[in-house]
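Input: a single structure, listed below in structure tokens.
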Amino acid sequence: MQIERYETGKRMSQGVTDGGFVFLAGQVAIDAPGAPVREQTTNILARITRLLEGTGSNPTRILSATIWLADISSFEEMNTVWDAWVPAGHAPARATVETRLAAPEFAVEIGIIAAIGS
Amino acid sequence: MQIERYETGKRMSQGVTDGGFVFLAGQVAIDAPGAPVREQTTNILARITRLLEGTGSNPTRILSATIWLADISSFEEMNTVWDAWVPAGHAPARATVETRLAAPEFAVEIGIIAAIGS
Amino acid sequence: MQIERYETGKRMSQGVTDGGFVFLAGQVAIDAPGAPVREQTTNILARITRLLEGTGSNPTRILSATIWLADISSFEEMNTVWDAWVPAGHAPARATVETRLAAPEFAVEIGIIAAIGS
């Protein structure tokens, strides 16, 4: 089985595929730093869609999502965007917890494991 | 390979299977909110057993567990229940960290990746 | 498919293999408790290399890493060691967040999912 790495640097890859699965790096709102949680979540989910499609997967094939919120009081605001984005009938297993993130301008980070295929 | 989703809603599924693996949503003590950590852990592990059995797996086939504690000082109390529950010879890889959880009445959350089979 | 467990106790295994993948327990600096983040990270990455090699994998085959820092202000210090350790062209997907760890003498914990093979 061939491991494939996408958007690779010396620190991390944004996506790695092996054995029919794709692992994404924890995604933050690179294009919306400091924006409200709703906007950051929208930006992250667009990044996730793009990364999944680039690795031969898509949002209907997400198996597991881990959501880290810098402030758990933004749980419902994040969920408003998340719930509208998840393809009907394809919701993944999910865990959401509060942790400080690597940079204070990011309020949300989402990690994904998905299946390759369409 | 067919992805199967269990107890699915618009936000998440409680279990998702693919490629011989099952991913469970982070489990909290739905039936024991606000209870002591020992009781919450007991409730969570019963839920995990039930979910695994429903997806064609069981507690002897857990590969990885992530345990989030709202207060790391409850580490040993949680472990008392955990250690008694893990089937002898089948302990998974595990990581335990402290994070605030989605609701203050929950003191423990556990995420699981397991293998399908018996 | 046969699940194999490495360095197994009643609480956890340090490594578990199944279906071409290996899951490592969250690794802390057992041999460098209380040491600076740089030294703890060095110790952890040596442990990860040893565990991966013992399960039929190696650092070029890491798919996903989760890094928990007790203090996110040590992000760059940890990265100095991490960036030098990752085999060129083989960087995994990664997420780094701040959480309190199980014991105060540990400042870093790293969880790994890798592929078996060479």
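Among beta bridges identified by DSSP and lying wholly in the stretch B:1-96, the antiparallel ones come to about 65 percent.
With respect to the axis relating copies B and A by rotation, the chain B residue whose beta carbon is closest, plus that distance in Å, is B:Thr99, 3.
The mean sequence distance of close C-alpha pairs (under 8 Å, at least 6 residues apart), as a share of the length of chain C, puts its relative contact order at 35 percent.
Structure remark: mean-square fluctuation, Gaussian network model of chain C, C-alpha springs under 10 Å; the largest value among C:Ala84, C:Ala32, C:Ala107 belongs to C:Ala84. When chain B is treated as a Gaussian network with alpha carbon springs shorter than 10 Å, the biggest mean-square fluctuation among B:Ile72, B:Ile62, B:Ile48 belongs to B:Ile72. Shown here is the pair-distance distribution of the stretch C:15-87: with all Cα-Cα distances grouped in 10 Å bins from zero up to the longest one, the shares run 18, 53, 26, 4 percent. Summing Cβ point charges (Lys, Arg +1; Asp, Glu -1) relative to the Cα centre of the stretch C:1-74 gives a dipole of roughly 80 debye. Could you tell me the calculated FRET efficiency between A:Lys10 and C:Glu7, based on Cβ-Cβ distance and R0 = 22 angstrom, to the nearest 0.05? Here the calculated transfer efficiency is 0.15. Shape class of the protein assembly as shown from the Cα gyration tensor (axes a ≥ b ≥ c, square roots of the eigenvalues): rounded, since a/c falls below 1.5. Shown for A:Pro104: label points 7 Å from Cα along the beta-carbon vector, and their distances to the equivalent points in the other copies, 2.5, 2.5 nm in ascending order. With its label point defined 7 Å out from Cα along the Cα-to-Cβ axis, B:Trp85 lies at 3.1, 3.1 nm from the matching points of the other copies, in increasing order. Based on the Cβ-Cβ distance of B:Ala88 and B:Arg50, what FRET efficiency does E = 1/(1 + (r/R0)^6) give at R0 = 22 Å, to the nearest 0.05? It comes out at approximately 0.60. What you get for the stretch A:19-115, charging only the Cβ of Lys and Arg (+1) and of Asp and Glu (-1), is a dipole of about 340 debye around the Cα centre.
How much FRET efficiency would the formula 1/(1 + (r/R0)^6) give for B:Glu105 and C:Asp31, where r is the Cβ-Cβ distance and R0 is 51 Å, rounded to 0.05? The calculated FRET efficiency here is 0.85.
Taking the longest Cα principal axis of chain B as reference, the axis of helix B:75-85 is set at about 40 degrees. By DSSP, the beta bridges lying fully in the protein assembly as shown are antiparallel in about 80 percent of cases.
Selection among B:Ala25, B:Thr55, B:Ile113 by position relative to the dipole of chain B gives B:Thr55 as farthest towards the positive end (Cβ unit charges, Cα centre).
Bear in mind these aren't lab numbers, they're just calculated from the coordinates by the rules spelled out. Quick caveat: nothing in here was measured; it's all calculated off a predicted structure. For neighbour counting, all protein chains shown are included, and Cβ atoms are generated from backbone atoms with ideal geometry for every residue, glycine included.
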